[in-house]
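Below is one structure, written out as C-alpha cells; the observations come after it.
The values are calculated or read from the model by the stated rules, or taken from the named source; none is laboratory data. Computed from a predicted model, the values in this text were never measured in an experiment. Glycine gets a Cβ as well: all are built from the backbone with ideal geometry, and neighbour counts include every protein chain shown. For the accessible areas, the whole protein counts, side chains as well, though only heavy atoms, and no ligand, DNA or RNA atoms are used. Shrake-Rupley method; radii C 1.70, N 1.55, O 1.52, S 1.80 Å.
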Amino acid sequence: MKKVFELRNVSYRYPAGAVLSDINLDIYEGERVVIVGPNGAGKTTLLQILDGLLPARGHVKAFDMLLDEKTLKSDVMYEFRKRVGLVFQDPDVQLFSPTVLDDVAFGPMHLNISKDEVLKRAEKALRLMGIEDLKDKHPYNLSGGEKRKVAIATVLSIDPDVILLDEPTADLDPKSRRELIDTINTLSRKGKTIVTATHDVDAIPELADRVYVLNRTVMACGTPREIFTDIELLKKANLEIPQIMRLFRVLECFGYNCEKLPLSIDEAIAELTRTVETEGGHIHLHIHEHTHSELEKLKSRFDHH
Amino acid sequence: MSRFVEKTVGEVLEYIRSAVFSENYSKEKGLLQKIDARAKLIVILGLIFSAVISRRLEVFITFITLSLILAKASKIPVGYYLTRVLIFIPVFTGVIAIPSLFNIFQPYDGTEILTVVRFNQEVVLPLLKPFSEIAITEEGVIWAAKFVLRVTTAVSLITLLVLTTRWSVLLSAFRSFKLPRVFVVILNLTYRYIFLLTDIVLSMLYSKKSRAIGKEGTIKSWRLNARIVAALFIKSYDMSERVYLAMISRGFDGSFPYMQQSKMVLKDYLFLAGGLLLSLAGAML
Ligand SMILES: Nc1ncnc2c1ncn2[C@@H]1O[C@H](COP(=O)(O)OP(=O)(O)OP(=O)(O)O)[C@@H](O)[C@H]1O
Ligand SMILES: [Mg+2]
C-alpha cells in the first residue's frame, strides 16, 4: 500500500510554547484514520501540519514530497492543495464569500477548470451534503450545523484524494451526524483517504480503520478495538469508550459471555445473533453473587477513570 | 446607564448587520438591478465625485432626489432606503459637523447668531485661538449644512449601489477595472470581518448578559466591557490568521477568480453615458 503521509520525529511549537513533540505517524492510501485526544492535545495543529499549512520541525512527507519550510512556500504546493483538503474545526473561518455557492466554488475556481465544471462540482458537493437549498444564502447567517455542512462542502467540491476533517460531527443533529458518517464512508469506499480528528468516541468504530491517540505526542496507535480494550491507555488518555461497548460491559455483569465486545451497532447485532444461535435460541442473563459489586466497579470506572 | 448603552450598542450592531449583509433587494428585478455592475459603479462614483467637489446646494438636492427616484424604480421601499441612508449620516458627520457650528473651532471670525456661553475673561486653550464666548455662527451653520448634505448625497448614492448589486458582482466589477488584486481581496475580507466582528461582539455581549447575575456596579460593568474589547482584538487577530490559512488550504494563490461575468449591452452604455454627463454637469456648476 502506498503511503500518503509519513511523519518522523515531528515537533511543533507556537510562540507560546511546544504543542507537539516526537510525532511518528503513517497514513496509507485509502485508509480511514481517526485522531483522538483531549482538548488541547494538538489534534488541530497536527491536521494543519498534514495539510501543509504549518511548517513543522522534523520529517514530514506527503506523497513522496518532503514538506519542509521551503516547499511549503513554493509552487509545488499547488498540486498538493488539489489532492489534500482540510475541513477546519471552526466553520466560520472557512466561509467568507457572499453566498454559500461562492464559498463552495472557491476551491474549484483555483483549479484551472472551466466555469461550467466549477459550477458542476460545487453543485455536486452541495448535493452530497444535502444543502442545495442553502446555495444562495449568506454563509454568515446560517445555523451552526448548516455552517458545518457548508464548510465540509467547500472541501468536497475540490474533490481531493485526502480529506482531513477536524471535529466534523460537532454541532450536527443526530440525523445529520448519521448522514455525515455515511457520506464519509461512501467517500472512503470511492478510494479517498480520510483522517478525522474527533471527540465523538461513538463515531470512532464507524470512522476508523486505525486510531491514533494523541496527547502532545502519539500515545498509542491501533485498531479501534485495540484502543478501546486497553484499559490502562483509556485511563492515561482520559478516553471514554463507546456507549455500545459500555452496554455490553453491563451485560457481562449479568453473566453474558462476550468474547469480543461489540464497538458499534452492527457488531452488536452480529454478536447477539451469534450468541442466540450458539446458545439454543435465547440469551441467558441472571443476577449472580458478584453482579452488584461488578456493576458498582464498572460505574465508578465509567464516571471517572 | 451602562445597561442602556449596551442595549443600544447591541441594537446598532444588529442593525448594521442587517443593513450591510442583507441582499434581498439585489435580487429584485428593478431598474438598477438590470444595469451592469461596472456601468453602475462608474456612474455612482462619478456622481459622488461630482458631489464632493460641487459647492452648489442645487446639485446636492438634485442628486438626492435622483437617488430617491432610482430607489423607487429599483423596487426599494422609500422608507427602508431613507432609514438606511440616514442611520449612517450621524456617524459619518457628527464628529466633524457639530464642532464646526461653533466659533471657537473656526479659523475666522464669523457672524454670530446664537451665544451659548459667555465668559468673563478670555479663555486660552491649546490649539484654539483665545476666545471669550462660545457661539454658533452663520458661516458655521452653512458650512455644516453643506457638509451634511454632501455626505448625505454620497451615502444615498453608495447605498443605492450596494442595495442593488450583489457583493460578489460588485467585487468582480472592481476586478474588471484591473484594480490591484490585493485591493479587492482586502475589500472582501473587510466585509467578512465586519460581519465576524459584529458577530463576536454581539455574542460576547449576550454571554456577558447571561452570566451577569443581579445588578453590577457601573465601574465593574465597564471594566468587564474593557476586557471584552481586549478579547475582541485577540479574537479577531486569531480569526484573521485562521481565515487566511483556510483560504490557502483551498488553493488560494492571491487571485480571486469570479464566476459571474457578463457583457455590457446598449442599455448599460446608455446608463453610463447619462450618468457621466450628469456628473460632469454637477462638477462644473
Ligand atoms: N495559534 C495558536 N497560538 C498559540 N497557541 C496555540 C495556537 N493554537 C493552538 N494553540 C495551543 O496549542 C495547543 C493545542 O491546540 P490544538 O488546537 O491543536 O488542540 P486540539 O487537540 O485541537 O484541541 P480541541 O480538542 O480543543 O480542538 C493548545 O494548548 C492551544 O492552547
Ligand atoms: Mg481542535
Every residue from region A:263-282 that is open to solvent by less than 70 Å² (accessible area, probe 1.4 Å) and assigned to a loop (DSSP other than H, G, I, E, B): A:263, A:264, A:280, A:281
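Quick grid of which residues meet (1) in a loop (DSSP other than H, G, I, E, B); (2) of a type outside the set (A, V, I, L, M, F, W, C):
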{"residue": "B:129", "(1), (2)": "yes, yes"}
{"residue": "B:149", "(1), (2)": "no, no"}
{"residue": "B:156", "(1), (2)": "no, yes"}
{"residue": "B:163", "(1), (2)": "no, no"}
{"residue": "B:179", "(1), (2)": "yes, no"}
{"residue": "B:200", "(1), (2)": "no, no"}
Residue selected from region A:12-29 under the condition open to solvent by less than 30 Å² (accessible area, probe 1.4 Å) and in contact (Cβ under 8 Å) with a residue 60 or more places away in the chain, by the criterion farthest from ligand 1 (Cβ to nearest atom): A:27
Hits in region A:49-62 (condition: in contact (Cβ under 8 Å) with a residue 24 or more places away in the chain and touching a helix residue (DSSP H, G or I) at 6+ places or on another chain (Cβ under 7 Å)): A:51, A:52, A:53, A:54, A:56, A:60, A:62
Residue tally, condition under 18 Å from residue A:211 (Cβ atoms) and within 20 Å of the chain's Cα centre (by Cα), over region A:231-273: 16
Qualifying residues in region B:188-198 (those that are in contact with a Leu (Cβ under 9 Å, 6 or more places away or on another chain) and open to solvent by less than 50 Å² (accessible area, probe 1.4 Å)) - the one nearest to the other protein chains (Cβ to nearest Cβ): B:192
Matching residues, region B:1-57, being of a type in the set (S, T, N, Q), at pLDDT below 70 and not in a helix (DSSP H, G or I): B:22
In region A:107-119, the residues that are surrounded by fewer than 15 Cβ atoms within 10 Å (Cβ to Cβ) and either away from chain B (no Cβ under 12 Å) or not β-branched (Val, Ile, Thr) (or both): A:112, A:114, A:116, A:117
Subset tally (residues that are within 20 Å of residue A:109 (Cα to Cα) and open to solvent by 20 Å² or more (accessible area, probe 1.4 Å)) for region A:136-155: 4
Which listed residue, of A:5, A:80, A:88, A:63, is under 18 Å from the mean Cα position of the chain (by Cα) and either more than 27 Å from residue A:224 (Cα to Cα) or more than 16 Å from ligand 1 (Cβ to nearest atom) (or both): A:5
